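S.K.: First the structure, which I've put down as structure tokens, then a few questions once you've had a look.
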Amino acid sequence: MILSFLIILSIIAIIGLSAGRLSKPNKSDYYLASKSLSPWLVGLSAMATNNSGYMFIGLIGFTYLVGLPSIWLMIGWILGDFLISKTIHKKINQETSKNSNVTYASVIGAWANQGSFFTKFIGLLSLIFLIVYASAQFVSGGKTLMVIFDWDLWLGIGIGSFIVFMYTLVGGIRASIWTDVIQAIIMVVSMIILVVSCFISLGGINDAFDKWLLVDNYLNLFPLEIQHSIFLKLIYPISWLVAGLFVIGQPHIMVRFMALKDPGLIERARFHYYIWYLIFYFLAFCVGMLSKIYLSNHNSFDPELALPLMALELLNPFMVGVIIAGIFAATMSTADSLIINCSGNISQDIFKSKNYSNTQIKLITFAVALISTTIALLNNNSVFSIVIYAWTLLGISFAPLVIILSTRKTITTKTYLIGLLIGIISFFVINHYGVNKFIYAGFIPFCLNLSYIYLKRKRN
């Protein structure tokens with residue numbers, strides 16, 4: 001078990017270090033791979049980066065708890081992502097080609113044309129949220145190793161951090177993207193193995209359905225509390241569309257489409273991205289549903305550990321190692337991207353200078369990785385809640401702005417800050433009073449923020 005796990009991690013590390021040998025000693029290559037990526041690389045890398053440890057740990061735990069209603073999260077998230085990408089992906093790639101900016105914040109800042117303070121501010125926002133996001137990935141991997149190998153949480157966090165340190169320092173985003181490809185393959189293969197094994201163990205699909213029917217309200221299409229409200233039944237899935245739309249507020253994903261070598265290839269990149277995305281998300285949903293009936297004999301356990309527990313009971317030690325490597329690969333494929341983006345936020349957005357040497361950039365990356373690891377070691381919260389929190393705040397911060405800019409309108413710094421304040425304050429109020437119990441927490445803040453800046457927009 002440990003052997004197969006270590007073999008796969010070694011392959012990932014070797015690929016990352018080998019890709020680093022192709023890197024050039026300049027900021028454009030370190031942060032944007034010199035805009036040389038092919039569509040299939042962009043698509044697979046974006047999928048692996050998007051579907052992080054949150055999917056393996058957080059989403060499966062969420063599905064275990066709520067049952068079939070979690071399918072609205074899958075449908076809304078993917079559909080929202082797809083709809084907004086038809087407009088935004090190509091425009092972001094085109095904006096990137098207009099200048100030498102290499103971070104998402106700097107591209108948005110130049111697009112908004114509101115001066116250096118504006119870019120520094122959104123760079124700082126991105127840095128804060130992404131560091132917390134990265135820490136959640138390390139916690140996710142550490143939790144898994146804690147359950148499977150009975151290792152201390154800090155050891156699992158340390159292993160993931162060290163591997164990510166190695167290849168991000170050497171190869172920047174190029175190493176991150178090439179490791180994403182092998183990580184994407186491992187993630188999908190490991191989930192297929194687990195789903196098929198579980199169905200076989202349960203006696204087939206029909207027997208699995210019979211067992212689901214025995215769990216009260218588990219196959220209801222909506223949560224029991226909103227069964228009699230037409231309004232909540234409508235707003236529940238729509239709110240998750242906003243969660244998917246928030247992908248345009250995620251710098252670590254959008255930078256993949258910025259690195260595509262030709263804007264004309266964006267449709268091919270999107271094709272690869274969504275095919276793999278649909279397959280993986282559906283498999284994760286199936287594992288969450290199956291865990292409820294397969295682990296029914298477990299009286300109490302952390303639902304976010306459902307996947308590794310199932311793997312231990314279903315598979316031989318070698319295949320358990322493959323599954324655990326898949327989870328670990330998912331955490332690393334997102335963590336490395338987040339760390340590189342944070343490095344860019346510091347060197348290119350906040351303390352912008354054309355004179356940073358390659359060594360200085362790598363030292364900044366190392367410092368970011370160290371900080372995110374420290375936060376992970378101090379954090380005991382749910383991976384699902386942390387990722388949703390960071391994802392939502394990034395979406396509230398950037399999605400309304402990018403949408404307005406894409407309509408060939410612009411807004412002033414003052415308008416942006418007021419809209420952002422409205423969105424963030426409403427988000428915390430909603431969380432504090434539990435208004436988000438039956439809708440995605442970012443839905444109302446997004447609508448308020450977008451409505452305000454839309455009314456205050458200016459024609460270019």
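The values are calculated or read from the model by the stated rules, or taken from the named source; none is laboratory data. None of the values given here were measured: they were computed from a predicted structure. As a convention, Cβ positions derive from the backbone with ideal geometry for all residues, glycine included, and neighbour counts pool all protein chains shown. Each accessible area value is taken on the protein alone, full model and side chains, heavy atoms only, with ligands, DNA and RNA left out. Shrake-Rupley method; radii C 1.70, N 1.55, O 1.52, S 1.80 Å.
S.K.: Could you say whether any residue in region 83-106 is of a type in the set (Ser, Thr, Tyr), part of a loop (DSSP other than H, G, I, E, B), over 26 Å from Pro237 (Cα atoms) and at pLDDT below 85?
M.R.: Yes, the conditions are met somewhere in region 83-106.
S.K.: Moving on to the next point. Give Ile422, Ile439, Ile411 a once-over and let me know the one that is surrounded by fewer than 20 Cβ atoms within 10 Å (Cβ to Cβ), of a type outside the set (Gly, Ala, Ser) and in contact (Cβ under 8 Å) with a residue 60 or more places away in the chain.
M.R.: Checking each option against the conditions leaves just Ile439.
S.K.: Taking region 28-38 as the search range and keeping residues that are open to solvent by less than 10 Å² (accessible area, probe 1.4 Å) and either in contact with a strand residue (DSSP E or B) (Cβ under 6 Å, 6 or more places away or on another chain) or farther than 13 Å from Ser337 by Cα (or both), which one is modelled with the lowest pLDDT?
M.R.: Asp29
S.K.: Here is a follow-up. So which helices (runs of 4 or more DSSP H) are wholly in region 107-213 and hold at least 3 residues that are open to solvent by less than 20 Å² (accessible area, probe 1.4 Å) and touching a residue at least 24 places away in the same chain (Cβ under 8 Å)?
M.R.: Answer list for region 107-213: 116-148, 153-202.
S.K.: I'm trying to understand the selection: among the residues of region 260-275, which are surrounded by fewer than 23 Cβ atoms within 10 Å (Cβ to Cβ) and hydrophobic (A, V, I, L, M, F, W, C)?
M.R.: Leu265, Ile266, Phe271, Ile275
S.K.: In a helix (DSSP H, G or I) and within 23 Å of Asn93 (Cα to Cα): which single residue out of Ile235, Ile266 fits that description?
M.R.: Only one candidate qualifies: Ile266.
S.K.: Within region 348-362, can you find the residues that are open to solvent by less than 10 Å² (accessible area, probe 1.4 Å) and either at pLDDT below 80 or more than 23 Å from the chain's Cα centre (by Cα) (or both)?
M.R.: Ile361
S.K.: Filter region 323-347 down to residues that are open to solvent by 10 Å² or more (accessible area, probe 1.4 Å) and more than 18 Å from the chain's Cα centre (by Cα), then give me how many there are.
M.R.: Residues that pass the stated criteria total 1.
S.K.: Take the residues of region 214-226 that are open to solvent by 40 Å² or more (accessible area, probe 1.4 Å), in contact with a helix residue (DSSP H, G or I) (Cβ under 7 Å, 6 or more places away or on another chain) and not hydrophobic (A, V, I, L, M, F, W, C): which is farthest from Ile444 (Cα to Cα)?
M.R.: Per the stated criteria, the residue is Asn217.
S.K.: Just to be sure before I move on: is Ser385 within 25 Å of the chain's Cα centre (by Cα) and either modelled with pLDDT of 85 or more or more than 30 Å from Leu224 (Cα to Cα) (or both) in the structure I sent?
M.R.: For Ser385, the condition - within 25 Å of the chain's Cα centre (by Cα) and either modelled with pLDDT of 85 or more or more than 30 Å from Leu224 (Cα to Cα) (or both) - is not met.
S.K.: For the condition under 30 Å from Pro445 (Cβ atoms) and open to solvent by less than 40 Å² (accessible area, probe 1.4 Å), what is the one hit in Val387, Val320?
M.R.: Val387
S.K.: Further question on the same structure: May I ask you to list the residues in region 296-317 that are within 13 Å of Ile60 (Cβ to Cβ) and buried (at least 17 other Cβ atoms within 10 Å of the Cβ)?
M.R.: Correct list: Pro303, Glu304, Leu305, Ala306, Leu307, Pro308, Leu309, Met310, Ala311.
S.K.: Would you mind telling me which numbered condition in (1) open to solvent by less than 10 Å² (accessible area, probe 1.4 Å); (2) within 26 Å of Pro237 (Cβ to Cβ) Phe62 fails?
M.R.: Checking Phe62 against (1) open to solvent by less than 10 Å² (accessible area, probe 1.4 Å); (2) within 26 Å of Pro237 (Cβ to Cβ), the one that fails is (1).
S.K.: Moving on to the next point. Got at least one residue in region 227-244 being open to solvent by less than 20 Å² (accessible area, probe 1.4 Å), in contact with a Pro (Cβ under 9 Å, 6 or more places away or on another chain), at pLDDT 85 or above and not hydrophobic (A, V, I, L, M, F, W, C)?
M.R.: Yes, that holds for at least one residue.
S.K.: Out of all the residues in region 388-409, which are under 16 Å from Gly80 (Cα atoms) and either at pLDDT 85 or above or in contact with a Pro (Cβ under 7 Å, 6 or more places away or on another chain) (or both)?
M.R.: Once the filter is applied, which keeps residues that are under 16 Å from Gly80 (Cα atoms) and either at pLDDT 85 or above or in contact with a Pro (Cβ under 7 Å, 6 or more places away or on another chain) (or both), region 388-409 yields Trp391, Thr392, Leu394, Gly395, Ile396, Phe398, Ala399, Pro400, Val402, Ile403.
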